[in-house]
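The values are calculated or read from the model by the stated rules, or taken from the named source; none is laboratory data. In this text, all values refer to a predicted model and were calculated from it rather than measured experimentally. Note that we place each Cβ from the backbone using ideal geometry, even for glycine, and neighbour counts take in every protein chain shown.
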Ligand code: CDP
Ligand code: MG
């Protein structure tokens, strides 16, 4: 077993990283907000951005684009939209928009701003995320939304004409939607000189972003005089207010970062003064495992710890707990995905435990597999994580990797999502907005041509693009209208022909949330038994239909959900999403119809959307080895699937997760002849016949 330090029991080693072992922030004399009994107004004035209020408003007034860089927690997200409103940017029915890559960040920012302004959320201040619109078209003046939702709004209003200022927040994350949005906003600016953009982030290569938006040379008026705002972007750096953070490294690599994180938390609790702990793990599974160890294992359970999870998709009540102040005499431990890296500020954190990993999407255009992989973070992320410990007083960050690893092996910056994603959703969105020359689009960072070509090929096979790479009518336009992954949208569209749109919509709704099962910690056996009650031989998609049916028959009872290990909150969400999808389906001319139990047509509809994910059983080794038909990649059925160990000859998967192997999640059995029926261009017959030997 590998060894790691325990603060206090072994003397922690303060090692110099290349910044001198300590992350330096300019510490101010003022103590933190949030702890005193200062009024909301006082708290607002203590935030670092407040000193820059006039400067920000002046720059926004005089420049088409303003780039604002400032440490997490300095007040960018919550304050700048309010300053803009106070300065009159929301007068005359105009709206101030602030985008975030993450849905949870949209919700928390909006509720905080509504609280600070003393207004009801959904009125003057509102938010929109996919399938949840908490705004009022008459009243809302400040609107928080995901960058994906803003892209969708462009389909109805290509110039985003109701917005006076659009603040693209967290731009350093370089999410796929952020990058597309930046490219499109640059185009919109040319048509709407009165529009103002703010690009804000915790760290950003401000110069490269500025040169991307610099259109000053091309924008001179007829006589060389410029009118309106200046076209070269302004850059403003908000000085932070954090405190020093001491960095500790493990002496030897750890083999199990979950256990290492748990014992580090316990060691901190035993040895260190009060102050909350923030632990960075990778996803819900990790987080649940760590929480189980911390709360249930008698060897590691501690008094006085309040252990809370934080990940997107967390129910509302659990979110509120994370943000509520820690009771006196207790210590809060928040176990989070990298959502707490920059998107959210947690007050009171003094200790950070950094696993060094996060879940990242990786797409390989050669094998055509998009994976969700637990991968090492970058140095930039590691510094951000450490910074979270220095909000209220000097803090400590425990890195569960060696110093040598940090210095020599960690990459300096991450790769933007654009360069590691399947581009099918991105291409269809641009096409729907009338951008025909996708290869020539003005991207902040160009995607790989292979990935783009691959996306064009898939969309062509789906019948969404025609020979000229234009959206087909009506199919292409219909698919673009549905706010889902185009493969899911295509499934819904196809279900119209098969007479099972009600079922396809239910499946789509379930696939768009994380999980409908309630993963009761330590009750895996009961969960498996519950699943068996609904399990369908055809696969997971049909199992979802059984669960939904049971839920409806129970009168949407929470008690029924509880008895069956089904997450009631998730099922309510499924029901809500279903209603919205039904409205959209009707609007685009899909007849709502149920196939009344004919599961063959449901499977055909799934095949029509997901044919590119077809796999054939190769051998029974390791509980069933499959290979993808197109890329010959080795994949296995995930143990959470009802088809695990059942191993039908041919299956289609919804997504892949990688751990030790590549696992297919949400799997359905198919007949291979359907593949050539639905996608003759994609599959030749010989690919599907048994091989000669
Ligand atoms: O965007 P940035 O990271 O610069 O800061 P912010 O999110 O605007 O947060 C500014 C301040 O508001 C911090 O002190 C937060 O702790 C506080 N805040 C809060 O108490 N509750 C929230 N839901 C959001 C922010
Ligand atoms: Mg922010």
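What to note about this one:
- Note on region 510-588: enclosed helices (runs of 4 or more DSSP H) holding 1 or more residues that are at pLDDT below 95 are 524-534, 558-563, 568-587.
- Considering residues of region 145-164 that are part of a helix (DSSP H, G or I) and under 27 Å from residue 62 (Cα atoms) only, the residue farthest from the chain's Cα centre (by Cα): 154
- Test result for residue 167, outside any loop (DSSP other than H, G, I, E, B), touching a residue at least 60 places away in the same chain (Cβ under 8 Å) and under 28 Å from residue 414 (Cβ atoms): yes
- Picking from residues in region 340-367 that are in a helix (DSSP H, G or I) and in contact with a helix residue (DSSP H, G or I) (Cβ under 6 Å, 6 or more places away or on another chain), the one that is farthest from ligand 2 (Cβ to nearest atom) is 341.
- Being farther than 20 Å from residue 668 by Cα, surrounded by 17 or more Cβ atoms within 10 Å (Cβ to Cβ) and over 27 Å from the mean Cα position of the chain (by Cα) is true of residue 590.
- Meets criteria (at pLDDT below 95 and assigned by TED's automatic domain parsing to the domain that holds residue 94) for residue 227: yes
- Summed over region 153-170, residues that are in contact with a helix residue (DSSP H, G or I) (Cβ under 8 Å, 6 or more places away or on another chain) and closer than 19 Å to residue 484 by Cα total 2.
- Residue list for region 98-144, restricted to those being buried (at least 17 other Cβ atoms within 10 Å of the Cβ), within 16 Å of ligand 1 (Cβ to nearest atom) and in a loop (DSSP other than H, G, I, E, B): 101, 102
- Scanning region 665-687 for residues that are surrounded by 20 or more Cβ atoms within 10 Å (Cβ to Cβ), free of Cβ contacts under 8 Å to residues at least 60 places away in the same chain, under 27 Å from the mean Cα position of the chain (by Cα) and within 20 Å of residue 508 (Cβ to Cβ) turns up nothing.
- A Cβ distance below 7 Å, combined with a sequence gap of six or more or placement on separate chains, defines the contacts here; from region 56-79, residues that are part of a loop (DSSP other than H, G, I, E, B) reach residues that are near ligand 1 (Cβ under 6 Å from one of its atoms) in the pairs 72/345; 73/345; 74/47; 75/47.
- Filter result (away from ligand 2 (no atom under 16 Å from the Cβ), in a loop (DSSP other than H, G, I, E, B) and modelled with pLDDT under 65) within region 198-224: 220, 221, 222, 223, 224
- Residue in region 66-78 that is more than 15 Å from ligand 2 (Cβ to nearest atom), buried (at least 20 other Cβ atoms within 10 Å of the Cβ), modelled with pLDDT of 90 or more and closer than 30 Å to residue 103 by Cβ present: yes
- In region 79-97, the residues that are within 11 Å of ligand 1 (Cβ to nearest atom) and crowded, with 21+ Cβ neighbours inside 10 Å: 79, 80, 81
- Test result for residue 376, closer than 30 Å to residue 252 by Cβ, under 20 Å from the mean Cα position of the chain (by Cα) and in the same structural domain as residue 338 (by TED's automatic domain parsing): yes
- Verdict on residue 54 being within 30 Å of the chain's Cα centre (by Cα), modelled with pLDDT of 95 or more and more than 12 Å from ligand 1 (Cβ to nearest atom): no
- Whichever residue in region 618-634 is surrounded by 13 or more Cβ atoms within 10 Å (Cβ to Cβ) and without any contact (Cβ under 8 Å) to a residue 60 or more places away in the chain and, among such residues, is nearest to residue 372 (Cα to Cα): 634
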